[in-house]
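**Q** Dumping the structure here so I can ask a few things about it.
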Amino acid sequence: MAKTYKDVKIPSDLYFNIKNFIEKYSELGFRSVSEFVNSASRIEMERIEDRKRNE
């Protein structure tokens, strides 16, 4: 089954900060801003869920 995608808008300064970050730290393996945002979102959701479970 093919994946479907949705657009998410972020401020342009944040976009360029992320772009510069993944270029500066290319050894981390992020290939795009989208890939970084997906990863960061998953990590943050896990962090929040862990915190909620421990309340």
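The values are calculated or read from the model by the stated rules, or taken from the named source; none is laboratory data. None of these values were measured; they are calculated from a predicted model. In case anyone asks, the SASA skips ligands and DNA or RNA and just uses the protein heavy atoms, side chains included. Shrake-Rupley method; radii C 1.70, N 1.55, O 1.52, S 1.80 Å.
**Q** Accessible area per residue for the chain in Å², computed with a 1.4 Å probe and the full protein assembly in place, what is it?
**A** Values: 5410 Å² over 55 residues.
Dividing the accessible area of the chain by its residue count gives 98 Å².
**Q** A further question on this structure: Could you calculate, for the chain, the ratio of the Cα radius of gyration to the Kirkwood radius, expressed as Rg to Rh?
**A** Details: Rg = 13.9 Å, Rh = 13.1 Å.
Checking Rg against Rh, the ratio lands at 1.07.
**Q** What is the angle, in °, between the Cα long axis of helix 12-24 and the longest principal axis of the Cα atoms in the chain? Nearest 10 is fine, range 0 to 90.
**A** 80
**Q** Let me ask you something else. At 0.36 nm per residue, minus the direct Cα-Cα distance, what do residue 36 and residue 14 gain on full extension? Give it in nm, one decimal, please. If you can, show how the numbers build up before the last one.
**A** Working: separation 22, 0.36 × 22 = 7.92 nm, distance 1.20 nm.
Going from the current span to full extension adds 6.7 nm.
**Q** At 222 nm, what value in deg cm²/dmol follows for the chain if DSSP H runs of at least 4 each add -39500 (n - 2.57) and the sum is divided by all its residues, to the nearest 500? Walk me through the numbers on the way to the answer.
**A** Values: 2 runs with 34 residues, N = 55.
Calculated at 222 nm, the ellipticity per residue is -20500 deg cm²/dmol.
**Q** Related question: If I compute solvent accessible area with a 1.4 Å probe over the protein chains, what percent of it on region 5-55 is carbon and sulfur? If you can, show how the numbers build up before the last one.
**A** Details: 2560 of 4810 Å².
Accessible surface attributable to carbon and sulfur in region 5-55 totals 53 percent.
**Q** If you line up the long axis of helix 33-53 against the longest principal axis of the chain, both from Cα atoms, how many degrees apart are they, to the nearest 10?
**A** Taking Cα atoms only, the helix is inclined about 10 degrees.
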